[in-house]
Structures are given as structure tokens and as C-alpha cells.
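First the structure, in the form of C-alpha cells, and then the observations on it.
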Amino acid sequence: MRAVTREAALAPDTWTPQRAAEVEARFDTVALSWDPDDKAQRLDVVHDALERGPVARVGVAVDLGAGTGLVVPALAGWFDRVFALDLSREMLIRAPAQPARVQADAAHLPLREDSVDAVVLVNSILFAAEARRVLRPGGALVWVCTLGADTPIYLSGEEVDQALGGTWSGVESEAGWGTWAVFTKPVPEPGP
């Protein structure tokens, strides 16, 4: 998964329908017995990223790669509206019914341009072009790896920044075993 994660973020052409189907099948299979050992750790590092990162406490957030929705309650306590999105149907059917659950490939988000205030990825694959497209100017991309560099789906803050490109501002830190980074989408300068 580490190679797939890096390729999807830094060489997006490697994410093909076949690769998406393989990843979906893998997570559909593990969903049947999914019960991560690090539940508390996942929540601790997400709370730390929200509290110490430059993340507005309002608006619409999308949890990309939401899985069984473990962090959705934390996000629902922070944002006005949250959508849980995952490639795996089997993961999503185990997620809380509220907020809205959406099965979709994060490489092709079913969201309008500039339509969300935060894109949250906890141990999830980054599709930078889609995150750039759907985030409003000034919106936050929250990147969390609950086991730091030992997370199977891992990118460093520097790699996330590289994938995002442009002039995003960012801050990163550690919490417990995990790492997080919050990047803010640039706000365009007003025209003449």
C-alpha cells in the first residue's frame, strides 16, 4: 500500500481503473473484520491536528477514505456538515449512517469545484488534483498518519506539499504515535 500511496500522490497517472478495483477489493475484504487496534490513537492525532492546525471550526468537510467512519464523530463535532467518502462499499456500510456516506473514487470526487472547507485524509490515499479542485480558497487539507512513518498508507508532510504544488502554506506536527500536517489552499489575489 505504501507504493500505491506514493504513486497515486506523486505520479497520478498510475491510478487506473484496474488499480482502483484492486484497492477496493482489498478493503472490501478487510472490512469484514476491520477493528483497528489504534482507535484511540487515531482520534487523538485527529483532534490534535484540528486543534493546533489552521482549521476553521465551521463549514463543510469531506473525510476521504473514511472507512468505517471512526473519525467521523470527531469531524462532526468540528464542522457544520461532514461527508464520509470511501472507495470500499463494505467499509462504508459499517460506518455511521449520519453524516452522509458516499461510495466514490477519491481520484474522481463527485463534488463541485471550490465546494468544501476541509478535506480530511486519515491513513488515506491522496489525490492532490482533486483535493485542490474541491477545496475552497483558504480551505484546509488535513493529512493524518496515525502511526507516523509506520503507517502503511504514508506520505511525509514534505511529500504532501510536493504533491499539492503551488504556494500552499502548511504546518506539521506529531501527536502520540502519529504525525499530521495541515495545508491551506491559497486565496487568489484580487484582480485589478
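The values are calculated or read from the model by the stated rules, or taken from the named source; none is laboratory data. Values in this document were obtained by computation on a predicted structure and should not be read as measured data. When we count neighbours, we look across all protein chains shown, and the Cβ atoms used for this are built from the backbone with ideal geometry, even at glycine. The area values use the complete protein model at the heavy-atom level, side chains included, leaving out ligands, DNA and RNA. Shrake-Rupley method; radii C 1.70, N 1.55, O 1.52, S 1.80 Å.
Using 0.36 nm per residue and subtracting the Cα-Cα separation, the extra length available between V171 and R89 on full extension is 26.2 nm. So how far, in whole Å, is the C-alpha centre of the range 35-105 from the one of the range 130-156? Distance between centres, Cα-based: 12 Å. Considering only Q98, G148, V116, the residue lying farthest towards the positive end of the dipole of the range 93-192 is Q98, judged by Cα position with unit charges set on Cβ. Probing with 1.4 Å while keeping every protein chain in the model, the per residue accessible area of the chain equals 48 Å².
Computed extension gain for R81 through A129, at 0.36 nm per residue and net of the alpha carbon distance, reaches 15.0 nm.
Charge dipole of the range 1-148 (Cα centre as origin; +1 on each Lys and Arg Cβ, -1 on each Asp and Glu Cβ, all else neutral): 200 debye, rounded to the nearest 20.
Add -39500 (n - 2.57) for each DSSP H run of 4 or more in the chain, then divide by its residues: what number comes out at 222 nm, to the nearest 500 deg cm²/dmol? Dividing the helical sum by the residues of the chain leaves -9000 deg cm²/dmol.
For the chain, the square roots a ≥ b ≥ c of the C-alpha gyration tensor eigenvalues yield an a/c under 1.5, which makes the shape rounded. Summarising the label geometry, the points placed 7 Å from Cα in the beta-carbon direction at M1 and V58 lie 3.6 nm from one another.
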